[in-house]
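Each remark here refers to the structure printed beneath this line.
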Amino acid sequence: MGRARVKAKKYVSTVTNSSQSSSSSATPAISALLDKAQELIVQCDFPLARKFIDRVLVRDDGSVSEKNQAREMMGVVLLETGEVDEARELFLTLLPPHPTAPTPPPPSAHLYLAQLSADPYIALKHYQAAIDILQTQLKGKAPSPTQGDEQDEGEDEVKSNIVRAYVGMVEVWMDPEYDLCFDPAASSTCDSLLANALQIDPHNLEALQCLASVRLSQEKTEEALAALLTFPPSPDAPAARNQALVAALPLSVRLARAKLLLECGAYHDALDVLENVLASDDSSVEGWYLMGWGWWLVAERQKEGGEVEGSEGLTWEDIARDSRDCLETCQMVSLPRFYAYYKSRCNTCATSFHSLRVNASVLTFFLVQLHESQSDPDTPILEHVHELLGTLDALGIMS
């Protein structure tokens, strides 16, 4: 789940005389320090952001609201720099019964603590507390003709955070590391939480993809696919426009969408998404893996006598070779040294990068051992790649 964005508030300082003006020019206003810290957080310059936040926290002239905002931002910085326990303790100071906790507390503190909690029940309590606060904020945002787009933006952000909290609760219920996923009420609870999320925003992509994942776990493939195809929200719009909407999504969201589409059997749609992913980032290990797996699934369907849109006129062997090309490219891009070397060769000889190959069995063994030794998240991907390449070897499919 995406982290709640900490948004710096704007404050206006009033200058009453020339003496104050001279003083303010020498000492930056608290609001200016907070704005600069937020800017640095967005730029991922966390060490420098920390220095600006420290300057706010040691000052005596800041308001309670400004101090709490600075503590919240410091919690984000601590998280990003790997100081998880310190971040957790800081977020707890923003919640009752801590004596300096604001009323109401910032919902983002609950959202961060929910994600940091190892106890699923505590995580669920934090998510629900965040939702309750955000719902109150949403009710207080009555339409105002004088605020216009600014109010709409604020309301959209509140709705987005409510949906994220509901999705976070579903993820806790579905997590196999917890016993909750074995609870008889798990399925109906997830359905209820997602219904609440989609009531807030019927076209929220995060909620729709979560719904698709739940439906797949319930073996309701058609309903999962229907949820995925709800986005883009204008099915009658030109195909190019809808493709552009998908292409504008963050890379991680597009990869998750492609994986779900593959699991639903919508191979053509999935491969279209992956083609755009790799056009944006041809060093994506997961992108090449999913593309290779997708072509392998198409080859299997073709071999069994079925057809997939876009594969007309190709034999299953042709498609399987495309699968192998992508899987071997996945191996190469998973190791930066190989990737840099082979890509430089492509630039020199004007050939396509993924047309170059190395010995698959030797490279696979080396890559899996390396990634396992580093506890790399790509290890399961590389293991499946190794398995798929072994199946292609047995079928006599070579590059």
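The values are calculated or read from the model by the stated rules, or taken from the named source; none is laboratory data. Values in this document were obtained by computation on a predicted structure and should not be read as measured data. Virtual Cβ from ideal backbone geometry, glycine too; neighbours counted across all protein chains shown. SASA here: full protein model, heavy atoms, side chains in, ligands and nucleic acids out. Shrake-Rupley method; radii C 1.70, N 1.55, O 1.52, S 1.80 Å.
Results, tabulated for the structure shown:
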| read-out | value |
| --- | --- |
| Inter-residue pairs, beta-carbon under 8 Å, first farther than 9 Å from H110 by Cβ and in the range 124-140, second not hydrophobic (A, V, I, L, M, F, W, C), 6+ apart | L134/P107; L134/N161; T136/P104; Q137/P107; L138/E155; L138/K159 |
| Test result for C190, farther than 30 Å from N276 by Cα and of a type outside the set (A, V, I, L, M) | yes |
| Per-region count, the range 68-85, residues in contact (Cβ under 8 Å) with a residue 24 or more places away in the chain and loosely packed, with under 15 Cβ neighbours inside 10 Å | 2 |
| Any pair with Cβ under 7 angstrom, 6 or more apart, that starts in the range 182-210 at a residue that is under 24 Å from L255 (Cβ atoms) and ends at one that is in a helix (DSSP H, G or I) and open to solvent by 50 Å² or more (accessible area, probe 1.4 Å) | C190/M174; D201/K159; E206/R164 |
| Checking L208 against (1) crowded, with 20+ Cβ neighbours inside 10 Å; (2) at positive phi, the condition it does not meet | (2) |
| Candidates D85, D60 - the one that is of a type in the set (D, E, K, R) and at pLDDT below 95 | D60 |
| Within the range 264-306, tally of residues that are open to solvent by 50 Å² or more (accessible area, probe 1.4 Å) and in a helix (DSSP H, G or I) | 12 |
| Residue count, the range 88-100 (criterion: open to solvent by 20 Å² or more (accessible area, probe 1.4 Å) and either assigned to a loop (DSSP other than H, G, I, E, B) or not basic (K, R) (or both)) | 9 |
| Matching residues in the range 219-260 - criterion: being closer than 23 Å to Y289 by Cβ, open to solvent by less than 30 Å² (accessible area, probe 1.4 Å) and either β-branched (V, I, T) or in contact with a Ser or Thr (Cβ under 8 Å, 6 or more places away or on another chain) (or both) | A224, V246, L255, L260 |
| Odd one out for Q199, checked against (1) loosely packed, with under 14 Cβ neighbours inside 10 Å; (2) over 23 Å from E263 (Cα atoms); (3) at pLDDT below 95 | (3) |
| Residues satisfying the stated conditions in the range 174-191, i.e. over 23 Å from the mean Cα position of the chain (by Cα) and open to solvent by 50 Å² or more (accessible area, probe 1.4 Å) | D179, F182, D183, P184, S187, S188 |
| Filtered residues of the range 101-128 (kept if hydroxyl-bearing (S, T, Y) and either assigned to a loop (DSSP other than H, G, I, E, B) or crowded, with 19+ Cβ neighbours inside 10 Å (or both)) | T103, S108, Y112, S117, Y127 |
| R321 being open to solvent by 20 Å² or more (accessible area, probe 1.4 Å), more than 26 Å from the chain's Cα centre (by Cα), of a type in the set (K, R) and at pLDDT 95 or above | yes |
